1. Considering only the range 7-23, I want to know if a residue exists there that is over 18 Å from residue 113 (Cβ atoms), touching a residue at least 24 places away in the same chain (Cβ under 8 Å), under 44 Å from the mean Cα position of the chain (by Cα) and not in a strand (DSSP E or B).
2. Keeping to the range 63-83, report how many residues are touching a Ser or Thr at 6+ places or on another chain (Cβ under 7 Å), under 30 Å from residue 15 (Cβ atoms) and free of Cβ contacts under 8 Å to residues at least 40 places away in the same chain.
3. Only one of (1) under 23 Å from residue 90 (Cα atoms); (2) free of Cβ contacts under 8 Å to residues at least 24 places away in the same chain fails for residue 50. Which number is that?
4. Might you check whether a residue that is on the phi > 0 side of the Ramachandran plot, under 32 Å from the mean Cα position of the chain (by Cα) and of a type outside the set (Ser, Thr, Tyr) occurs anywhere in the range 75-94?
5. Suppose we filter 99, 86 for residues that are among the β-branched types (Val, Ile, Thr) and more than 19 Å from residue 13 (Cβ to Cβ); which single one remains?
6. Of the residues that sit in the range 40-49 and are surrounded by fewer than 16 Cβ atoms within 10 Å (Cβ to Cβ) and not acidic (Asp, Glu), which one is nearest to residue 10 (Cα to Cα)?
Amino acid sequence: MYAVIKTGGKQYRVQPGDVLVVEKLDGEPGADVAFGDVLMLGDGDAVFVGAPTLAGASVSATLIETRKGDKIKIFKKRRRQGYRRTRGHRQVESVLRVTAIAGEGKSASWDGTVDLTTKAVLDARARNLKLAEPGLVVESAPKPAKAKAAPKKAAAEAAPVEAVAEAAPAAEAPKAKAAPKKAAAPKAAAPKAAAPKAKAADGEAKPAPKKAAAKKTDKDA
């Protein structure tokens, strides 16, 4: 026997024992949930269709957990504009176990036991990991205290007194004065005598002065 129900603006085809993931519903894990919006019932060849719902028909389920679904990425881009935006979204959803269907004088139920183990715990078991139970606070081990370094003043005071006594006379001894340097002998600067230019010999012939060129007249032309 199966039924078509409506919840969260969506339609689902369910049977007793099915695990159903729907939009978020109020309630704690283990609470009973009843759906009254049954659109159709089917049992073998008999099919009952509502207009829009079947009066008196209902589907019972048990709430297992309320969790966040898989992340959906929203990417927007405008070409040649340098515009890129990426956003993520995780829809809150509820997980149910369908236990019974009743309506039109017929009924069907599931004889199993509802397991309230969450998906996170099942995934951790599959990966051989340990997951802390909800509400359990895991106390971390206290960190060892670090040894603080001794201050410099205290280390100086802890030095032996003898070392201080030996260093005292060495510090009090006056330093020997350095011998004065001998004055350097002054260098005798020899006066440089300018060599007189030799006069031209009397016997040398002086160049003859150039004659002025004769002026041209109209008669010569």
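Read the figures in this text as sums done on the coordinates, not as results from a lab. What you are looking at is a predicted structure, and each value in this text was computed from that prediction instead of being measured. Virtual Cβ from ideal backbone geometry, glycine too; neighbours counted across all protein chains shown.
1. no
2. 1
3. (1)
4. Looking through the range 75-94, at least one residue is on the phi > 0 side of the Ramachandran plot, under 32 Å from the mean Cα position of the chain (by Cα) and of a type outside the set (Ser, Thr, Tyr).
5. Details: 99 fails: more than 19 Å from residue 13 (Cβ to Cβ).
Matching residue, one of 99, 86: 86.
6. Taking the candidates together, the pick is 49.
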